[in-house]
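The values are calculated or read from the model by the stated rules, or taken from the named source; none is laboratory data. These figures come from a predicted structure and were not determined experimentally. Here the Cβ positions follow ideal geometry from the backbone for every residue, glycine too, while neighbour counts run over all protein chains shown. Ligands, DNA and RNA are stripped out before the accessible areas are found, and what is left, the full protein with its side chains, is counted by its heavy atoms. Shrake-Rupley method; radii C 1.70, N 1.55, O 1.52, S 1.80 Å.
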Amino acid sequence: MTGAAVTDPLVRRPYAGGVPLVEVVRSGLREGIHHGSLVVLDASGAVRGSAGDVTAPVFPRSANKPMQAAGMLRGGLRLADPADLAVVCASHYGEEAHLARIAALLRAAGLTEAALRCPPDLPIGADAAAAVLRAGGGPTRLQMNCSGKHAGMLVTCRAAGWPLEEYWHPEHPLQERIRATVEEFAGEPAGAVGVDGCGAPVLALSLTGLARAFLRLVTGSAGSVERTVADAMRGYPELMSGTGAVDARLMRAVPGLLAKSGAEGVLAVAVADVGAIAVKIDDGGARGTVPPVVAALRRLGVTDDESAAPALAELAEPAVLGGGQPVGALRALPFG
């Protein structure tokens with residue numbers, strides 16, 4: 001696989017960009033605006049609201065991981081503990097629980113960290129990274145936030161009898177199986193195939209297709225690959241993200257909610273019998289993803305659950321700090 005930004009001839013029209021979605025208010029003054037696009041689907045998959053460009057392909061980045069994991073299950077991945085599947089879906093913080101579980105997955109398949117083809121990195125969790133540096137350590141492949149996904153890919157290849165060499169190449173049988181699954185769940189062909197930050201293929205989808213895929217994950221029948229993935233992620237929110245991660249906080253706030261973020265300002269969520277939401281912030285700022293998603297959840301009636309409302313209220317308007325104290329907030333702007 002080359003380092004080209006896009007390697008697939010099926011590129012559709014380029015993403016046209018979004019509209020104002022989030023305002024940043026400091027001391028009563030609007031300090032900035034995050035532009036982006038957002039789509040809201042109801043429980044039937046019909047569009048209930050949208051803003052910006054929700055039909056052109058974008059790279060969901062790690063928000064594709066649940067569908068990639070479903071593709072691995074279809075390829076022969078078998079994990080007795082759903083916590084292991086959660087970490088295969090993870091953009092993990094590099095905490096000890098993550099690293100120990102991924103190392104154990106590799107050992108069980110007769111592999112070591114050397115088999116991983118994700119690049120060496122420090123943990124993306126600030127506390128975990130600081131601990132590594134204090135101990136005199138440095139970047140490793142295991143600590144890279146996508147190492148769980150790569151471990152899952154290697155274990156799948158072992159189970160299926162596929163070669164381990166070049167398992168990250170788009171033409172490898174594993175990646176072909178994953179692509180077929182992602183496209184099936186999204187209900188559309190990939191708009192492009194790029195190289196993700198971890199080196200594995202990343203498939204471009206429209207925001208509508210991404211939301212559709214997440215809706216399928218939470219509405220699958222018991223025992224289906226989609227439901228198996230969703231249940232593992234919802235059962236172990238911190239394993240598929242990290243302590244205090246937005247994904248985990250959203251899933252803890254709303255029973256039954258599935259959430260997964262992706263680099264460059266992507267977040268997708270879904271709740272069975274409620275609907276699904278996908279957002280892309282144009283400037284890539286992750287802080288802009290949550291307020292519009294919470295606003296969309298409210299539109300779908302999620303805050304009717306009184307137990308969820310207090311936690312969602314905190315996520316709806318993240319504080320802007322001045323001198324270490326709240327002096328403003330990020331606030332979702334109205335959308336169509």
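Quick notes
- Within the accessible surface of the chain, defined with a 1.4 Å probe on protein heavy atoms only, the carbon and sulfur portion equals 54 percent.
- Peptides 242-250, 131-139 ranked from most to least packed by the mean count of surrounding Cβ atoms within 10 Å: 242-250, 131-139.
- Förster radius 45 Å - calculated FRET efficiency between Thr112 and Ser221 (Cβ-Cβ, nearest 0.05): 0.75
- Shown here is the pair-distance distribution of the stretch 158-219: with all Cα-Cα distances grouped in 5 Å bins from zero up to the longest one, the shares run 4, 18, 24, 22, 17, 11, 4, 0 percent.
- Coupling constants for the stretch 279-287 follow from the phi torsions by the Karplus curve (6.51 cos²θ - 1.76 cosθ + 1.60, θ = phi - 60°), and in residue order they are 9, 9, 8, 4, 7, x, x, 4, 5 Hz; glycine and proline get x.
- Built amide H within the under 5 Å cut-off of Val22, gap 5+: His34, Leu333
- For Val327, the amide hydrogen comes within under 5 Å of the amide hydrogens of Val320, Leu321, Gly322, counting only partners 5 or more places away or on other chains and with H modelled in the peptide plane.
- The HN-Hα couplings worked out from phi for the stretch 319-336 by the Karplus form 6.51 cos²θ - 1.76 cosθ + 1.60 (θ = phi - 60°) are 6, 9, 9, x, x, x, 10, x, 10, x, 6, 8, 9, 5, 8, x, 9, x Hz, whole numbers, x standing for Gly and Pro.
- Where Ser261, Ser27 fall by accessible area, highest first, once all protein chains stay in place (1.4 Å): Ser27, Ser261
- For Cα extents along the principal axes in Å, computed directly from the structure shown, the correct entry in (i) 54, 47, 45; (ii) 57, 47, 39; (iii) 47, 43, 38 is (ii).
- Average accessible surface area per residue within the chain, 1.4 Å rolling probe, Å²: 39 Å²
- Space enclosed by the convex hull of the alpha-carbon atoms of the stretch 1-134, per residue, Å³: 231 Å³
- Over the stretch 256-322, relative contact order from alpha-carbon pairs under 8 Å, at least 6 apart, %: 23 percent
- With all protein chains in place and ligands, DNA and RNA left out, the 1.4 Å accessible area ranks Asp42, Asp127 as Asp127, Asp42, largest first.
- Label-point separation in nm, Ala311 to Ala83, each point 7 Å along Cα→Cβ: 1.9 nm
- Relative contact order (%) - the chain, alpha-carbon pairs under 8 angstrom, separation at least six: 25 percent
- Computed accessible area, Asp282, all protein chains, 1.4 angstrom probe, square angstrom: 60 Å²
- Computed 3J(HN,Hα) for the stretch 74-88, one whole-Hz value per residue from the Karplus formula 6.51 cos²θ - 1.76 cosθ + 1.60 where θ = phi - 60°, is 5, x, x, 5, 10, 10, 5, 9, x, 5, 5, 5, 4, 6, 5, glycine and proline marked x.
- Look at where the Cα atoms of the stretch 177-201 and of the stretch 232-294 average out, and the two centres are 20 Å apart.
- Taking the stretch 194-336 and dividing mean pair separation by its residue count, relative contact order in percent (alpha carbons under 8 Å, at least six apart): 16 percent
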